[in-house]
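None of the figures in this text is laboratory data; all of them are computed from the coordinates on show. The shown structure was predicted, so the numbers you read here are calculated from the model rather than taken from an experiment. Reconstructed Cβ throughout: ideal geometry from the backbone, glycine too, with neighbour counts over all protein chains shown.
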Amino acid sequence: MTPRPSAGVGALYLHVPFCVRRCRYCDFSTAATRHDDPLMAAYASSLENLVEEARELGFLAECQTAYLGGGTPTMLGAKSLSSLVSAVRSASSVCELSFEANPESLTVEVLGATVASGATRVSIGVQSFDDRELRGLGRVHTAGLASDRVAAAVASGLDVSLDLMCGIPFQTPESWHKSLAQAVELGVGHVSCYPLMIEAGTPLERMCESGEVPWPSDDTEADDMEAALDVLESAGYSRYEVASYAQPGKRCQHNIAYWTGVPYLGLGVSAASMLSLPEYEALRAVVSSLPAPSDGAWRFRLTSSDDVRAYARARSLAELSFEVEQMTETEAMAEDLMLAARMTDGIPTALQARARHVLGEDRVGVCFSALIGNGFLVAADCGSLVPTKKGWLLGNELYGPLWNLASEG
């Protein structure tokens, strides 16, 4: 009999790799897919079976959040997407169940079905409310359709988050302000603002290389992120992470799990998992191809290495393949410090104390003192070390020294 985990994961991620068209900037694990492609239904059905097996093995007993990302989960359509949501709801007692959507496939039917099946939150990839900017990114939807679909999502009763992107081709300070203002006007509870990243091998990189569009400017992106802070905070949103803003009670608990070291299980093409030793050993009892833990291994990062057709055929976790990175306690602690520094809550006193114990009092003390002295961190009244405006704008100079604690000695 397969042993049950001594501790389950706190979060579940399911990756849905289908899109109507790949955007020019995209380097995610996605593929353009016909709406009538039967592969999508087979893939979703396979994920349902894997989620149920994870429940039977006890992995989801303590799971608090679930997130269906992509790709475009709404490409599955109302029937398959709601069935997948129902499977997650039946297999766990999550308090937050999110799915990603693009405006062109967030239909009335999809909204009604996902609400009825137990979803609580939708994250909509709007990116911009300017048609020229959307065309520059290779997005399918228009600004008008985005506004219409966001309004419908808000009316559905789901908690609604928008993704907006700055530093994109043809964007101006005025159009960026307009996109931010439109998000506020639509009444969403959460907004994520990301600078455009030009990834190697993407069509947008080739367009930048040829001079068809300009390379993004670090200075412009910094100004845009400052503008986002001003607009959103004046409208009642609070920044709780470097790129994330929420109305009271509307923070994304799933993302907070990623930033606070909560173990999570990822299923689907290229999905990532982060497990501590008990969860890893329990998964290894099912997936025999996983390597044995190395001496001193403390944290395990897994990436699914099966393609979409293999996933669509899979009927058991035992059939899956993963790439595995094993981290020492020192590396895990440095990672936790770095991720905590992305949040307004900062590095809490309990984490500081654990870091001093694991990494060494002197090393941690010197690092913290330097970051405070250089204006990247400041001590809050509660004792937490929180990032300053300078720390967020010059993130590499804040996160780098914390991560380097993993290798210094």
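Taking amide H as placed 1.01 Å from N in the peptide plane, the amide H of Ser238 sits under 5 Å from that of Ala246, Gln247, each at least 5 places away or on another chain. As a calculated quantity, the FRET efficiency between Ser407 and Ser45 at R0 = 45 Å, using C-beta atoms, amounts to about 0.50.
Using a Gaussian network model of the chain with C-alpha springs under 10 Å, which one of Ser369, Ser384, Ser156 is most mobile by mean-square fluctuation? Among Ser369, Ser384, Ser156, the largest GNM mean-square fluctuation belongs to Ser369.
Stretch Asp307-Asp36 to full length: gain in nm at 0.36 nm per residue minus the Cα-Cα span? Show your work: numbers first, answer last.
On the way: separation 271, 0.36 × 271 = 97.56 nm, distance 1.96 nm.
Contour length minus the Cα-Cα distance gives 95.6 nm.
Distances between placed amide hydrogens fall under 5 Å for Ser161 paired with Val122, Ser123, Ile124, all partners being 5 or more residues away or on another chain. Each part reduced to its alpha carbon centroid, the range 81-152 and the range 176-214 end up 18 Å apart. Seen from Lys250, the other residues with C-beta closer than 11 Å to its C-beta sum to a net charge of 0, counting Lys and Arg as +1 and Asp and Glu as -1.
Just the number, please: percent antiparallel of the DSSP beta bridges in the range 11-256, rounded to the nearest 5.
Antiparallel bridges: around 20 percent, rounded to the nearest 5.
Highest mean first, what order results for 54-60, 10-16, 36-42 on Cβ atoms within 10 Å?
Details: 54-60: 20.4, 10-16: 25.6, 36-42: 14.0.
Top to bottom by mean Cβ count within 10 Å: 10-16, 54-60, 36-42.
Dividing the summed -39500 (n - 2.57) terms of all DSSP H runs of n ≥ 4 by the residue count of the chain sets its mean residue ellipticity at 222 nm at -13000 deg cm²/dmol.
Let me check against my output: what whole-number percent is the relative contact order of the range 45-170, with C-alpha pairs under 8 Å and at least 6 apart? Walk me through the numbers on the way to the answer.
Details: 201 pairs, mean separation 29.7, N = 126.
Normalised by residue count, the contact order of the range 45-170 is 24 percent.
Can you give the direction-averaged projected area of the convex hull of the alpha-carbon atoms in the range 344-404, in nm²?
Taking the Cα atoms of the range 344-404, their convex hull projects to 3.8 nm² on average.
Normalised by 2.2 N^0.38 Å, where N is the number of residues, the alpha-carbon radius of gyration of the chain equals 0.99.
Spin-label model, Arg354/Glu329: points 7 Å from Cα along the beta carbon direction are separated by 1.1 nm. In terms of its Cα atoms, the range 103-205 spans 41, 30, 20 Å along the principal axes, sorted from long to short. Computed on the Cα atoms alone, the convex hull of the range 184-229 gives a volume of 109 cubic angstrom per residue.
Just add up the charged neighbours of Ser123: K/R +1, D/E -1, any other residue whose Cβ is under 11 Å from the Cβ of Ser123. Don't skip to the answer; put the middle values down first.
Values: positive: Arg121; negative: Glu100, Asp159, Asp163.
Here the charged neighbours net out to -2.
Rule-of-thumb check for the range 254-409: C-alpha Rg over 2.2 N^0.38 Å?
Here the answer is 1.20, to two decimals.
Proximity of backbone amide H atoms, modeled 1.01 Å from N, is registered between Gly138 and Arg24 at under 5 Å, excluding neighbours fewer than 5 places apart on the same chain.
Here Val108 and Thr172 are evaluated by their C-beta separation; at R0 = 51 Å the FRET efficiency comes out at 0.90. Charge tally around Leu14: other residues with Cβ under 13 Å, Lys/Arg +1 each, Asp/Glu -1 each, net -2.
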